[in-house]
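Nothing in this text is a laboratory measurement; each read-out follows from the coordinates by a stated rule. This is a predicted model, so every value here is computed, not measured. Counting neighbours? That spans all protein chains shown, and the Cβs are built from the backbone with ideal geometry, glycine included.
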Amino acid sequence: MDNVEIVSDDLYVVKQEMRPGWYCCVTLVFGEKNIGVVDTGYENTPLDRVFPLILEKGRRLDDVNLIVNTHRDGDHVRGNAVFKERTGATIAIHELEQEAVPTADAKLRDGDQVRLGDRSFTVIHTPGHRPGSICLIDPVGKTLIVGDSVCGEREDLIRMDKEVYIASLRKLLQVEADTMIMSHPFQPAGKSTLVGGEVNEMIRASIEVAKKLVCSSKAGTGAK
Ligand SMILES: [Zn+2]
């Protein structure tokens, strides 16, 4: 399937086109017994893209036991209801997002551990795009899943105070990651899965974009 990227033996990224050249990602972690999912795409994404992959791998839909939403936006949560109905999985989201996502039934906080497939991930609270945006780090596999918390040149997606966003990105620079999975192919990277030096390069580039906005807003208000 050309809309599936195999990141490693157990980690797959399913890409759902949003418009030509632009897509959102659903990440799957295949464990021996359980399958973990990060974000669920649109209403049609589970049936069109994700369930066929799970079945093609000889697995059952009810192997999916835990779904984590990185934040409240539609392209990350609108597949929740179908997932819930067909897999019975628990859906977890940061406590600041839960009210906006009624399909979620478990709350996450910074530092919480979640088990996706056979990997343990730690929740990192990274507000900036949304108040309850989170990233997930697997410290063993050095894999970082960031949702829309790192959004490169898309300044319009920094919906909160730029300094809050920059502080979140600085937190991510402290994390040891060989692989970073973003939910969209943000520029300047132009792809959603980054490896090696590309990871910190993209985080730094995103910090620079936000810093320029801070400077121009200060200039705009006449501050010295
Ligand atoms: Zn998004």
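Taking only Cα atoms and a 10 Å spring cutoff, compute GNM fluctuations for the chain and point out the largest among Arg154, Arg115, Arg130.
Greatest mean-square fluctuation among the candidates belongs to Arg154.
Can you figure out the FRET efficiency of Ala81 with Lys33, using R₀ = 25 Å and their beta-carbon distance, to the nearest 0.05?
0.55
Could you pull out the pairs from Lys191/Lys212; Lys15/Lys191; Lys84/Lys142; Lys57/Lys142 whose alpha carbons sit more than 18 Å apart here?
Pairs exceeding the cut-off: Lys191/Lys212; Lys84/Lys142; Lys57/Lys142.
Can you say what percent of the DSSP beta bridges in the chain, counting only those with both residues inside, are antiparallel? Round to 5.
The antiparallel fraction comes to roughly 70 percent.
If Lys and Arg each add +1 and Asp and Glu each add -1, what is the summed charge of the other residues whose beta carbon sits under 14 Å from the beta carbon of Asn65?
That sum, taken over residues with Cβ under 14 Å, equals +2.
Place a label point 7 angstrom from the Cα of Arg115 along the Cα-to-Cβ direction, then list the residues of the stretch 40-78 whose backbone nitrogen is under 16 Å away.
Only 63-68 fall inside the zone, counting backbone N under 16 Å.
Can you spot the lysines whose alpha carbon is less than 17 Å from Lys211's alpha carbon? Ignore those fewer than 8 places along the same chain.
Within the straight-line cut-off, Lys211 pairs with Lys162, Lys171, Lys224.
Counting Lys +1, Arg +1, Asp -1, Glu -1, what net charge surrounds Ser133 among other residues with beta carbon under 10 Å of its beta carbon?
Once positives and negatives cancel, what remains is 0.
Kyte-Doolittle mean at least 0.5 and Cα extent at least 20 Å along the axis: which DSSP H helices of the chain qualify?
Answer set is empty.
Out of the GluC sites (Glu not before Pro) in the stretch 1-78, which ones are loop residues according to DSSP with at most 14 other C-beta atoms within 10 Å?
Glu32, Glu43
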